[in-house]
1. For 180, 68, what's the fewest-to-most ordering of other Cβ within 10 Å of each Cβ?
2. Compute log10 of I(q)/I(0) for the chain with the Debye formula, placing one identical point scatterer on every Cα and leaving out solvent, at q = 0.11, 0.16, 0.17 Å⁻¹, to two decimals.
3. How far, in degrees from 0 to 90, does helix 82-92 lean away from the longest principal axis of the Cα atoms of the chain, to the nearest 10?
4. Quick one: grab the alpha carbon gyration tensor of region 114-154, order the square roots of its eigenvalues as a ≥ b ≥ c, and give me rounded if a/c is under 1.5, else prolate or oblate depending on whether a/b is larger than b/c.
5. Please work out the ratio of the alpha-carbon Rg of region 179-247 to 2.2 N^0.38 Å and round it to two decimals.
6. Taking the Cα centre of the chain as origin and charging only Cβ (+1 Lys, Arg; -1 Asp, Glu), how large is the dipole, in debye to the nearest 20?
7. Which angle between 0 and 90 degrees, to the nearest 10, do you get for helix 128-140 versus the longest principal axis of the chain when only C-alpha atoms count?
8. Among rounded, prolate and oblate, which fits region 53-148 when a ≥ b ≥ c are the square roots of the eigenvalues of its C-alpha gyration tensor, a/c under 1.5 means rounded, and a/b larger than b/c means prolate?
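We did not get these values from a lab; they are worked out from the coordinates using the rules stated. Computed from a predicted model, the values in this text were never measured in an experiment. All Cβ positions, glycine included, derive from the backbone under ideal geometry; neighbour counts span all protein chains shown.
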Amino acid sequence: MGRDEGENQPRWAEVAYEAIAPVYDAFTAHHDYEAWLSSLLEVLEKQGISGRRLLDVGCGTGKSFIPMLEKGWAVTACDVSPSMVEIAREKVGERAAVAVADMRELPAFGEFDVVWCIDDAVNYLLSVDEMERALAGMRRNLGAEGLLLFDLNTLLAYRTFFAEEAVIEREGVRMTWKGMASPEAEPGAIAEASFEAEPLDPAAGPAIPAERHRELHFPEAEVLAALERAGLECLDVYGQHQDGIPRQPLDEAQHFKAIYVSRAK
Ligand SMILES: C[S@@+](CC[C@H](N)C(=O)[O-])C[C@H]1O[C@@H](n2cnc3c(N)ncnc32)[C@H](O)[C@@H]1O
């Protein structure tokens, strides 16, 4: 377990991402964000995108919004981890407004044509109540025709990636992901994994001690009910394999991610 012990501490995600921040980009270097974000935009375009103002919630080091800057979008972004935000700011300077904010208490940043929260950031909320608060906050940031898109890890993700060990050596660092979930994880399960890293050359810098990533699986029915209570109308649900291409219908046992598209009721 990491620095903040205890089952009920509300800062699991912040603690985990403060630790992983220096190597997050190396750990996720194999993800093709250009292609993935283009696929997500296609999904949104089916519902009609009304402008080019994006709010990226849980933006991490900026991978989920930097390609949008290149496409000419005006971007505001936020994340609960100050270290992730700092890295994002270093990359984009004045080109985007990047704030430290917890999506469970999301400030009113403005009126956006698209609000998104992607790469399983919502799974770090450990109750339906927390998810509902986050969704309501995202809704408050939608412009009149604005669309909200977020993804969630599926049972397949928890039964595989979160149940397996992976060691990646990249950019001079050995990174170890130890999934602790059951290969038979059930709907609504909490899935945990520990992440640690050490430089291949011990003189290159300090190691990152093991820190716990803790996620909650949200079944589709719970998500739809939470959207409704947050004042959102669900427009589309997709599933996605690791190729990043959204497909219908969502199949929790076949797809790695579920993608939800909604707008204010
Ligand atoms: C897997 S990373 C994805 C980051 C980025 N969206 C990307 O695609 O690279 C999940 C992010 O969610 C953030 N996060 C988790 N819980 C959060 C919360 N309550 N409020 C805001 N951000 C949160 C984490 O700090 C982390 O940066």
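1. By the 10 Å Cβ count, ascending: 180, 68.
2. Each listed q corresponds, in turn, to -0.58, -1.31, -1.49.
3. Taking Cα atoms only, the helix is inclined about 70 degrees.
4. oblate
5. After normalising by residue count via 2.2 N^0.38 Å, the value is 1.66.
6. Dipole about the Cα centre, nearest 20: 680 debye.
7. 50 degrees
8. Oblate is the answer for region 53-148, as a/c is 1.5 or above yet b/c matches or exceeds a/b.
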